Amino acid sequence: MIPDALRALWDEPRAQNAPERVWRDWLLVGVVVFAAVIEGTLRPYVAWRPLAIAMALVLVWPLLWRRTHPLATVAIVFGTVNAELIASLVADVGPLGLYTSAYILVLAYSLLRWGSGREIILGLPLILVTYALGIAVDYTGVGDAIAAAVFGLFPAVLGALVRYQSGYRRNEREQVRLRERQQLARELHDTVAHHVSAIAVRAQAGRVVGAAEPEAALDSLRLIEAEASRALTEMRLMVGALRDGEQAELTPLHGVADISKLAFTDGASPQVSVQLRGALDNLGPSVEAALYRLAQESITNAVRHAKHATRIDVFVDGDEQKVHLTVADDGDILQPAQTWSGYGLVGMSERAALLGGTLQAGPRSHGGWEVNAVLPKSGSST
């Protein structure tokens with residue numbers, strides 16, 4: 001049986017953000033070629049000098065593909081070096097390569113940095129065999145052997161650390177994008193559901209009174225037009241906030257004072273009354289926006305779900321530390337199996353929790369549904 005950790009590594013895809021070639025790789029190749037020629041020509045003793053120089057000049061070119069094909073470059077370069085080291089052991093002539101060949105350590109970094117799980121598992125043993133053969137060919141003691149192993153493995157460890165850090169940052173960015181999408185979905189849900197519910201209520205009222213009072217029906221149509229225009233405006237603002245170059249932070253947010261605009265008592269059913277009282281000054285902008293959205297969403301849910309409701313009461317009361325929001329309707333008495341839930345209620349709870357507050361919602365004993373939210377005035381979760 002393959003251990004789960006090994007199986008996960010085997011299935012791990014190749015790391016992202018690995019361009020095919022960059023100028024640094026060309027520069028590295030140029031430097032290695034120049035250094036190999038100088039060392040091979042001027043160094044006093046080099047075993048099999050022509051072969052050593054030729055190998056150094058030929059094996060440097062795979063560096064150009066170390067990012068996109070790390071396993072192939074490791075197999076070519078380290079496989080050739082292993083054959084050279086085995087020949088050195090057999091011929092007992094000492095190391096054949098040049099000191100310049102230390103550039104192969106870059107390939108160990110590349111394998112751990114950009115290779116897939118399969119490539120790492122297949123290529124790492126080849127690297128370890130090369131290090132073991134190198135120590136055996138030029139063995140000078142346990143201390144030197146340990147130092148050589150640490151030095152040789154350091155680029156691979158560094159590649160793994162850079163890969164992890166890059167993946168962590170990428171995951172953080174994805175989480176931020178996900179939270180932004182969730183927030184946008186919640187905002188769109190709150191806004192569109194509220195306005196569409198209001199449009200439905202106005203349309204029903206206009207249909208009821210249309211035959212007897214044509215003027216009242218026209219008033220309902222004007223209100224429907226206004227609600228639709230507001231919905232389109234808010235959607236444009238929210239979608240525009242996601243576009244590059246837009247100054248979304250300059251868009252004004254709804255505040256506590258705007259909750260009063262959610263009231264309507266002009267004959268439509270259910271009627272909505274709003275009362276603001278207590279200390280409602282010095283509220284954080286996020287708290288004001290959250291209070292408005294919580295009230296708006298609660299009203300929308302009551303309009304959509306509260307059967308036979310004729311009235312929705314909204315109370316906002318502030319004290320020195322906190323703000324209390326209560327939204328209650330007088331709909332039918334609900335049984336446990338009839339209680340509603342959904343994305344809107346989940347979003348409301350998440351919004352309150354993010355600000356360090358709480359939200360509770362449930363049926364009332366004498367009929368209807370009630371939402372109670374408590375938010376700190378500063379909007380701090382501490």
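Rule-based calculations on the coordinates, nothing more; no lab input. Small disclaimer: the values here were computed from a predicted structure and weren't measured. Heads up, the Cβs are rebuilt from the backbone with ideal geometry, glycines too, and the neighbour counts pull from every protein chain shown.
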*First measure r as the distance between the Cβ atoms of TRP48 and ALA136, then evaluate 1/(1 + (r/R0)^6) with R0 = 25 Å and state the FRET efficiency to the nearest 0.05.*
0.85
*asked:* Based on alpha-carbon centroids, what's the gap between the range 32-55 and the range 266-319 in Å, whole number please?
replied: 83 Å
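If r is the Cβ-Cβ distance from PHE34 to ALA279 and R0 is 56 Å, what FRET efficiency results, to the nearest 0.05?
Values: r = 76 Å, r/R0 = 1.36.
Efficiency computed from Cβ-Cβ geometry: 0.15.
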*For a label point 7 Å along the Cα-to-beta-carbon line of ALA200, residues of the range 302-333 with backbone N under 18 Å*: 302-312, 329-332
_C-alpha center-to-center spacing [the range 345-373, the range 89-135] in angstrom_ = 62 Å
*With a Förster radius of 30 Å, plug the Cβ-Cβ distance of ALA160 and TRP65 into 1/(1 + (r/R0)^6) and report the FRET value to the nearest 0.05.*
0.90
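Arrange the peptides 160-169, 352-361, 140-149, 61-70 so that the one whose residues have, on average, the most other Cβ atoms within 10 Å appears first. Present the calculation step by step, with values, prior to reporting the outcome.
Numbers: 160-169: 13.2, 352-361: 16.8, 140-149: 11.5, 61-70: 19.6.
Averaged packing, sorted descending, gives the order 61-70, 352-361, 160-169, 140-149.
Once you have the Cα-Cα distance between ALA87 and ALA226, take 0.36 nm times their residue separation minus that, and quote the gain in nm to one decimal. It would help to have the intermediate numbers written out before the result.
Details: separation 139, 0.36 × 139 = 50.04 nm, distance 8.71 nm.
This chain segment gains 41.3 nm when fully extended.
Tell me, what is the percent relative contact order of the range 4-139, built from C-alpha pairs under 8 Å that lie six or more residues apart? Write down the numbers at each step before the final one.
Details: 157 pairs, mean separation 48.9, N = 136.
Relative contact order, the range 4-139: 36 percent.
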*For LYS322, go through the lysines and keep the ones whose alpha-carbon is under 17 Å away, minus same-chain ones fewer than eight residues off.*
LYS377
